[in-house]
């Protein structure tokens, strides 16, 4: 059984706790031959710490280590001190494949310098659903062809710098109104619709991707009973056989409610591997990881996971690691400065205007209205605090800040009607409800996250597709008249 557990260990990716590799965890990794780890924000403090952590992981896992993170850009970044990349939809708004390639390369340079060799990006989901609570600006847009071209360019940049990409979430998470971190979504479309839309960017870009991540979503036209992560019809029949995909298939996090609230950890892991996944992201507790290892080892021993198929999975994972070795690489101060300038240009190129927004006169008094709470939703990093936006705008204006906790209970009519130019800064992914939409409109809506929020008010808007410091700087540059907002929102509904 010990040998089977060591085979099982090579088929899972674990979550780690803390900011260093303690002796107990290192022993657990070595004892079970675990070769995959995904790091999150809570594992990171600065570049020196993270580089040490990953070096220790590499020592414990060996040369076939796969050390991963989610560094997509925009709101979904884990390492916050490196040059901040624009979101995929920002690159969609800029509509420049060369720029997308340069950004992908810059992202890879930064994460590779700290020891990562696998980045769970880019997103190939097509966001055509304005109520999607989890994808939105993480998507390159709604046009299958253009989204695939931009994603491919981003991937080419990353590959050039030696970091493996992982396109996600197959076969498409864009047209849902449910977050699979919270519940199990269904995309109830015909096969013809799925072929035309959801599948198209994966069919185009996935053959060039070293890895694909699965979606915890049910597609009744393909498999009415199982989410894609556990569906042989989707992972093997569709992705492997019909689309001819030869790379690694990894599950999304198996701790997400769409899975964890319906299956035991061990059952879920075995189901995913039997369906055709190569690696299970077992990012729960140590107890969950132990249960997952036991279940996979038992499935290998009793033949539910035939040894020949396990060896084929290990060969694909070995190929991925050999082509993208883990371990730090040099990242000079000069290279980092150049990448920061690149990211700033990209954020500026993305800036999108809607409804002919006007610039207040520099030095004038403006009222800024913004949400108090900017907590992380568990997928994205926390948004930008209202005080930071006020400080940024304060470089140009005298700013009065008004904050609200809940836009549906806030008394919008209590805002003074004194003629002061009023800006609304939207700093969460959540859309506004009927009370806010029907009660008030600002003079300028600065949508700093979800571009669909610009549709919630009949007001001129600036859309940045993210809230990183260079996004705020781009807004200021526009307000100062230094740049124009030349981006074009790559999803339907923004023609005016």
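Quick notes on this one:
- The stretch 291-313: number of residues that are surrounded by fewer than 17 Cβ atoms within 10 Å (Cβ to Cβ) and either outside any loop (DSSP other than H, G, I, E, B) or modelled with pLDDT under 95 (or both): 6
- From the options 467, 494, 410, residue that is outside any helix (DSSP H, G or I), crowded, with 16+ Cβ neighbours inside 10 Å and without any contact (Cβ under 8 Å) to a residue 40 or more places away in the chain: 410
- Condition met for residue 376 (in contact with a strand residue (DSSP E or B) (Cβ under 6 Å, 6 or more places away or on another chain) and in a loop (DSSP other than H, G, I, E, B)): no
- Just one of (1) in a helix (DSSP H, G or I); (2) over 23 Å from residue 374 (Cβ atoms); (3) without any contact (Cβ under 8 Å) to a residue 24 or more places away in the chain fails for residue 417. It is (1).
- Residue 268 vs. criteria assigned by TED's automatic domain parsing to the domain that holds residue 231, farther than 15 Å from residue 34 by Cβ and modelled with pLDDT of 95 or more: no
- Residues located in the stretch 184-230, provided they are part of a strand (DSSP E or B), in contact with a strand residue (DSSP E or B) (Cβ under 8 Å, 6 or more places away or on another chain) and surrounded by 15 or more Cβ atoms within 10 Å (Cβ to Cβ): 211, 212, 213, 214, 218, 219, 226, 227
- Residue in the stretch 41-71 that is surrounded by the most Cβ atoms within 10 Å (Cβ to Cβ), counting only those that are under 30 Å from residue 139 (Cα atoms) and without any contact (Cβ under 8 Å) to a residue 40 or more places away in the chain: 43
Each row is one residue, and each column tells you yes or no for (1) assigned by TED's automatic domain parsing to the domain that holds residue 76; (2) closer than 30 Å to residue 404 by Cα.
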position: 294; (1), (2): yes, no
position: 311; (1), (2): yes, no
position: 316; (1), (2): yes, no
position: 332; (1), (2): no, no
position: 343; (1), (2): no, no
position: 368; (1), (2): no, yes
position: 374; (1), (2): no, yes
position: 382; (1), (2): no, yes
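- Criterion: in a helix (DSSP H, G or I), farther than 21 Å from residue 139 by Cα and touching a helix residue (DSSP H, G or I) at 6+ places or on another chain (Cβ under 7 Å) - qualifying residue of 387, 473, 391: 473
- Among the residues listed as 252, 278, the single one being touching a strand residue (DSSP E or B) at 6+ places or on another chain (Cβ under 9 Å), surrounded by 21 or more Cβ atoms within 10 Å (Cβ to Cβ), modelled with pLDDT of 95 or more and not assigned by TED's automatic domain parsing to the domain that holds residue 430: 278
- Residues of the stretch 388-402 that are out of contact with any strand residue (DSSP E or B) (no Cβ under 7 Å at 6 or more places or on another chain) and without any contact (Cβ under 8 Å) to a residue 24 or more places away in the chain: 391, 394.
- Residue 333 being more than 21 Å from residue 38 (Cβ to Cβ) and modelled with pLDDT of 95 or more: yes
- Breaking point among (1) assigned to a strand (DSSP E or B); (2) in contact with a helix residue (DSSP H, G or I) (Cβ under 8 Å, 6 or more places away or on another chain); (3) over 21 Å from residue 494 (Cβ atoms), for residue 445: (3)
- Helices (runs of 4 or more DSSP H) wholly inside the stretch 1-101 containing at least 2 residues that are over 29 Å from residue 304 (Cβ atoms) and assigned by TED's automatic domain parsing to the domain that holds residue 307: 23-31, 47-61, 88-94
- Residue among 367, 316, 349, 340 that alone is part of a helix (DSSP H, G or I), touching a strand residue (DSSP E or B) at 6+ places or on another chain (Cβ under 8 Å) and surrounded by fewer than 22 Cβ atoms within 10 Å (Cβ to Cβ): 316
So that you can scan it fast, the table gives a plain yes or no per residue for (1) surrounded by fewer than 19 Cβ atoms within 10 Å (Cβ to Cβ); (2) modelled with pLDDT under 95; (3) out of contact with any helix residue (DSSP H, G or I) (no Cβ under 9 Å at 6 or more places or on another chain):
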| site | (1), (2), (3) |
| --- | --- |
| 373 | yes, yes, yes |
| 414 | yes, yes, yes |
| 418 | yes, yes, yes |
| 426 | no, no, no |
| 429 | no, yes, no |
| 440 | no, yes, no |
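The values are calculated or read from the model by the stated rules, or taken from the named source; none is laboratory data. Computed from a prediction, not measured in an experiment: that's the story for all the values here. Note that we place each Cβ from the backbone using ideal geometry, even for glycine, and neighbour counts take in every protein chain shown.
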